Amino acid sequence: MRKKVTKNTILKMKRSGEKIAAITSYDFLSTKIIDQTGIDLILVGDSLGMVIMGYENTLPVTMEEIIHHLKAVSRARPSAIVVGDMPFMSYQASVEDAVRNAGRLVKEGGAESVKLEGGERYVPVIEAIIHASIPVVGHLGLTPQSLHQMGGYRIQGRDEESAAKMVREAKALERAGCFAIVIEGVPYQLADTITESISIPTIGIGAGSHCDGQVLVLNDMLGIHEEPLPRFVKVYDEIGDRMRDAVSKYVEEVKEGKFPSIEHSYSTPRKKSAGRTGDNEESNDSGTGPESNK
Ligand code: KIV
């Protein structure tokens, strides 16, 4: 088993120059599989609103939904550090709300750290959560919970003024005690400047290759999606197409009576032969044990 990745491991990776590989996950078995790959950080992101729940954006996601999926992910006991995303309105209204909700992600969901979107304005919130001994990941740039404020999903920091502001915000998050910052949807030159300006790792998504690490939404990179994907997503496999093909084949075989064949069927146990001990040919297949899966 791999050594457990902690916030200190992530911090050290920046110093040693080893890139951080991060991905989202929302369920037990996917997490088991993902964790066998050497992934460093698993985010139970509020992207689950779209890819799991079918919401239009991340705004409707609730604490209960994040906790539900965090529980499934943390039950897989991954070596990667588990980050729980703080959903919209779980930290915006007050510092008290923020600490209580971050605590729930850890206590009920099993998160080992939390992520929240926003810059300098959230410094008191971040400090209070860290005072409660919960490590925090920041999130700057295109912050999807500010969808309406941004006027849509727009690349951020394109002009000098907003770029300079984002560098200041990154420094403020570092001072507040964040152990990493997700940088989303910004020009790669700005991501590069931010990465050079702070001593904590930057984890990019749509922010070029110069960040200290990268994060992608699992379903996107596996090709399980409905809407066209943004250009920053690299699709590593077309699992959606493969799933459709496999289920179509199953439907076809059921309709044609080809499935199940004899190899996927059970037979009536043969009768005991009279008088011979140790010659019980009765099947031990009760239909519930591992045998029933064969
Ligand atoms: O919710 C999420 O999946 C995220 C990543 C895209 C960084 O915040």
For the range 13-139, using Cα atoms only, the Rg and Dmax in Å read 14.1, 40
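As a test of reading the structure, rank Glu253, Glu127, Glu227 by solvent-accessible area (1.4 Å probe, protein chains only), most first.
Details: Glu253 50, Glu127 80, Glu227 125 Å².
Putting Glu253, Glu127, Glu227 in descending order of accessible area: Glu227, Glu127, Glu253.
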Contour minus Cα-Cα span, Gln92 to Ala132, at 0.36 nm per residue, comes to 12.7 nm
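Take the solvent-accessible surface of the protein heavy atoms, probe 1.4 Å, and return the percent of it on the chain that carbon and sulfur atoms account for.
Values: 8690 of 16680 Å².
For the chain, the apolar C and S fraction of the accessible surface comes to 52 percent.
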At q = 0.08, 0.09, 0.13 Å⁻¹, the log10 of I(q)/I(0) for the chain from a Debye sum over equal Cα scatterers comes to -0.43, -0.51, -0.89
For the chain, dividing by residue count, accessible area per residue (probe 1.4 Å) in Å² works out to 57
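Restricting to the chain, what percent of DSSP beta bridges are antiparallel, rounded to 5?
5
By per-residue mean of other Cβ atoms within 10 Å, what is the highest-first order of 138-145, 114-121, 62-69? Working shown, then result.
Details: 138-145: 24.5, 114-121: 20.9, 62-69: 19.1.
Ranking the peptides 138-145, 114-121, 62-69 by packing returns 138-145, 114-121, 62-69.
Could you calculate the FRET efficiency of Arg231 with Phe28 from 1/(1 + (r/R0)^6), where r is the beta carbon distance between them and R0 is 45 Å, rounded to 0.05?
Working: r = 32 Å, r/R0 = 0.70.
With a Förster radius of 45 Å, E is 0.90.
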Here, Glu64 and Glu238, labelled 7 Å along Cα→Cβ, have an inter-label distance in nm of 3.9
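Grab the beta carbon distance between Ser79 and Glu160, set R0 = 35 Å, and tell me the FRET efficiency rounded to 0.05.
My answer for the efficiency is 0.25.
The values are calculated or read from the model by the stated rules, or taken from the named source; none is laboratory data. All of these numbers come straight from a predicted model, not from anything done at the bench. Note: ideal-geometry Cβ built from the backbone for every residue, glycine included; neighbour counts use all protein chains shown. With ligands, DNA and RNA removed, areas are computed over all heavy atoms of the protein, side chains included. Shrake-Rupley method; radii C 1.70, N 1.55, O 1.52, S 1.80 Å.
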